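Below you'll find the structure, written out as structure tokens, and then a few comments.
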Amino acid sequence: MFGMDHVGVAVRTLDEAIHVYTDVLGFKLEGVQVLTEQKVKVAFISAGGDTRIELLEPLSSDSPVAKFLESRGEGIHHLAVTVDNIEAILKELKRKGVVLVDDTPRTGAEGARIAFIHPKSMRGVLLELVERP
Ligand code: CO
């Protein structure tokens with residue numbers, strides 16, 4: 001049921017980050033997408049097998065990723081795991097007292113349904129649940 005979906009990395013300039021991860025490191029660019037609702041532009045990079053990296057550039061200064069960059073600089077922003085029933089899992093986690101960023105799923109990159117769990121409840125790690133169509 002659970003497996004790693006991707007690692008999210010906050011970056012200042014997407015094009016430069018894509019260059020480093022593909023041309024320099026040799027990973028493969030899968031696609032670029034603008035997520036207006038989340039105020040980010042993302043690039044998915046395949047690192048081989050099922051391993052993927054999501055590069056996130058903020059679209060505006062009030063984007064949560066912009067705030068992250070301001071306080072922590074570039075680096076790992078979140079871990080994402082794949083789930084098969086996101087609503088049931090969110091309900092269960094809430095019942096267990098876990099602090100959620102999203103009580104209900106929203107639409108993320110590639111049409112997936114996603115929800116974030118607050119780092120407060122995950123030992124400092126922002127955790128994303130991803131249910132793929
Ligand atoms: Co993500």
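What follows is calculated from the coordinates using simple rules that are stated; it is not laboratory data. What you are looking at is a predicted structure, and each value in this text was computed from that prediction instead of being measured. Don't worry about glycine lacking a Cβ; one is built from the backbone with ideal geometry, like all the others, and counts go over all protein chains shown.
The lone criterion from (1) without any contact (Cβ under 8 Å) to a residue 60 or more places away in the chain; (2) more than 19 Å from Pro133 (Cα to Cα) left unmet by Asp50 is number (2). Taken as a whole, the structure leaves Val24 outside the set of residues that are within 14 Å of the ligand (Cβ to nearest atom) and of a type in the set (A, V, I, L, M). Residue selection: Ile18 satisfies the criterion of being in contact with a Leu (Cβ under 9 Å, 6 or more places away or on another chain) and more than 14 Å from the ligand (Cβ to nearest atom).
Please determine whether any residue of region 41-61 is more than 16 Å from the ligand (Cβ to nearest atom) and more than 15 Å from Val7 (Cβ to Cβ). Reasoning before the result, please.
Going residue by residue through region 41-61, those that are more than 16 Å from the ligand (Cβ to nearest atom) are 48-49, 60-61.
Applying the additional criterion that residues be more than 15 Å from Val7 (Cβ to Cβ) yields 60-61.
Within region 41-61, one or more residues are more than 16 Å from the ligand (Cβ to nearest atom) and more than 15 Å from Val7 (Cβ to Cβ).
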